[in-house]
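So the structure is just underneath, and the comments pick up after that.
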Amino acid sequence: MLEADPENTMVMFGLAKEYEKAGDNAKVIELLERYLAAADDEGNAYGTLAQAYNAVGEREKAIETYKKGIDVSMAHGHPSMANDYRMTLDLDYSD
């Protein structure tokens, strides 16, 4: 479907979630970076992207992505998602 409509953000996100299930973090990162460049995500994609960055050893990018996810989640009225990201940063990324 993405080949037929390469700008379809819904398909990008769905395909990224399938790659997440398969453990292909490089593909998750590739698709979600494209998705976030094109879509007005409400915060969910940032958590998935941050986890993929962490899985490939990109700790700083994961932290940066969670922080962006907090801002976006709050801007879209999702404080519980923002709090989940804050808690993840506090528990898993504090030095």
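What follows draws every value from the coordinates through simple rules; no lab data is involved. Just so you know, these numbers come straight off a predicted model, no measurement behind them. Virtual Cβ from ideal backbone geometry, glycine too; neighbours counted across all protein chains shown.
Within the range 10-26, residues that are of a type in the set (S, T, N, Q) reach partners that are surrounded by 15 or more Cβ atoms within 10 Å (Cβ to Cβ) and not in a loop (DSSP other than H, G, I, E, B) with beta carbons closer than 7 Å, at six or more positions or on different chains, in the pairs 25/52; 25/55.
Residue by residue through the range 1-17, note down the ones that are of a type in the set (D, E, K, R) and either more than 21 Å from residue 76 (Cβ to Cβ) or buried (at least 17 other Cβ atoms within 10 Å of the Cβ) (or both).
We begin by selecting, within the range 1-17, every residue of a type in the set (D, E, K, R); these are 3, 5, 7, 17.
3, 5, 7, listed by residue number.
Can you find a residue in the range 32-51 that is in contact with a Phe, Trp or Tyr (Cβ under 7 Å, 6 or more places away or on another chain), over 21 Å from residue 9 (Cα atoms) and not β-branched (Val, Ile, Thr)? Checked against the condition, which is being in contact with a Phe, Trp or Tyr (Cβ under 7 Å, 6 or more places away or on another chain), over 21 Å from residue 9 (Cα atoms) and not β-branched (Val, Ile, Thr), the range 32-51 yields no hits at all. Of the residues making up the range 18-30, those that are aliphatic (A, V, I, L, M) and crowded, with 17+ Cβ neighbours inside 10 Å are 28, 29. Taken over the range 1-30, the criterion of being small (Gly, Ala, Ser) and not in a helix (DSSP H, G or I) is satisfied by 4, 23.
Just checking, how many residues over the range 31-62 are in a helix (DSSP H, G or I) and either crowded, with 16+ Cβ neighbours inside 10 Å or touching a residue at least 12 places away in the same chain (Cβ under 8 Å) (or both)? Outline the logic, then answer.
Here is the first cut: in the range 31-62, the ones in a helix (DSSP H, G or I) are 31-38, 44-55, 59-62.
Checking the rest, the ones that are also either crowded, with 16+ Cβ neighbours inside 10 Å or touching a residue at least 12 places away in the same chain (Cβ under 8 Å) (or both) come to 31-36, 38, 44-55, 59, 61-62.
Within the range 31-62, residues that are in a helix (DSSP H, G or I) and either crowded, with 16+ Cβ neighbours inside 10 Å or touching a residue at least 12 places away in the same chain (Cβ under 8 Å) (or both) number 22.
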